[in-house]
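A.B. asks: Below is one structure. I have some questions about it.
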Amino acid sequence: MQTKLLTLAFIEIALAIIVSVLILFISFKILQKVFFRKISFRENNIAFSVFAAGIILSIGMILAEIIPSITNTIRLSMSGENEITFGEIIKYSGLYLCIGFIVALIINTSVFLLFSALTKGVNEFKDIQQNNIASALIVTATLISITLIAKDSISLLISALVPYPQTSNFLM
């Protein structure tokens with residue numbers, strides 16, 4: 001049995017679960033406090049539920065692109081060839097998550113600005129607060145679409161920051 005590989009697998013699973021739950025919890029609380037202070041799930045507002053589900057799905061897709069880079073950093077530290085310390089793992093992980101959070105904010109803000117520009121005179125937030133399911137579905141579909149389009153670019157950006165060992169170009 002590959003104990004090193006098994007240990008790494010458990011670390012990756014625990015990391016993915018802990019980071020995902022923590023980021024989604026924080027994001028949802030920010031969403032509730034900033035945009036929808038007076039709405040809760042208990043009020044039977046399906047529009048808010050659809051909208052919140054879209055944001056959570058969007059953040060989940062972004063996290064799915066970030067977690068592999070964090071685990072690659074951990075793998076590199078365990079390979080023995082690189083001298084990546086625990087502090088550097090935390091530093092890189094924090095950087096990756098910070099970039100992901102900023103990108104999520106940019107995507108969410110761009111969707112809101114896009115809708116504000118496209119639908120003059122319509123306040124999507126107010127519509128969602130008033131349980132307008134049509135507005136929530138359109139905003140959520142746009143949010144998820146933009147996230148799907150941007151997620152590969154996010155993955156490329158994050159993977160470019162992974163501290164891979166320097167290799168020489170032996171063809172030159």
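The values are calculated or read from the model by the stated rules, or taken from the named source; none is laboratory data. Quick caveat, the model's predicted, so the values are computed rather than measured. A quick note on method: Cβ atoms are made from the backbone with ideal geometry, for glycine too, and the neighbour counts reach across all protein chains shown. Just so you know, the surface numbers come from the protein's heavy atoms only, side chains and all, with ligands and any DNA or RNA stripped out. Shrake-Rupley method; radii C 1.70, N 1.55, O 1.52, S 1.80 Å.
A.B. asks: Counting only residues that are among the acidic types (Asp, Glu) and open to solvent by 80 Å² or more (accessible area, probe 1.4 Å), how many does segment 81-106 have?
C.D. replies: Matching residues across segment 81-106 total 2.
A.B. asks: Spot the failing condition for ILE138; the list is (1) among the aliphatic types (A, V, I, L, M); (2) under 20 Å from ILE46 (Cα atoms); (3) modelled with pLDDT of 85 or more; (4) open to solvent by less than 80 Å² (accessible area, probe 1.4 Å), and only one is missed.
C.D. replies: So ILE138 meets the others, but not (4).
A.B. asks: Same structure again: Given (1) part of a helix (DSSP H, G or I); (2) farther than 15 Å from ALA16 by Cα, where does ILE84 come up short, assuming only one miss?
C.D. replies: Exception for ILE84: condition (1).
A.B. asks: To continue, here is another question. Tell me, please, whether a residue that is open to solvent by 60 Å² or more (accessible area, probe 1.4 Å), at pLDDT below 80 and closer than 21 Å to ILE154 by Cβ can be found in segment 19-33.
C.D. replies: Within segment 19-33 (the criterion being open to solvent by 60 Å² or more (accessible area, probe 1.4 Å), at pLDDT below 80 and closer than 21 Å to ILE154 by Cβ), the answer is yes, since at least one residue qualifies.
A.B. asks: In addition: For SER116, are the conditions met, namely being in a helix (DSSP H, G or I), among the polar types (S, T, N, Q) and at pLDDT 85 or above?
C.D. replies: The answer is no for SER116.
A.B. asks: Out of segment 94-109, which residues are modelled with pLDDT under 85 and of a type outside the set (A, V, I, L, M, F, W, C)?
C.D. replies: Selection gives ASN108, THR109.
A.B. asks: Kindly evaluate ILE133 against the criterion of being farther than 20 Å from VAL34 by Cβ and either surrounded by 12 or more Cβ atoms within 10 Å (Cβ to Cβ) or at pLDDT below 80 (or both). I'd like the intermediate steps shown before the answer.
C.D. replies: Numbers: farther than 20 Å from VAL34 by Cβ: yes; either surrounded by 12 or more Cβ atoms within 10 Å (Cβ to Cβ) or at pLDDT below 80 (or both): yes.
Judged against the criteria, ILE133 is a match.
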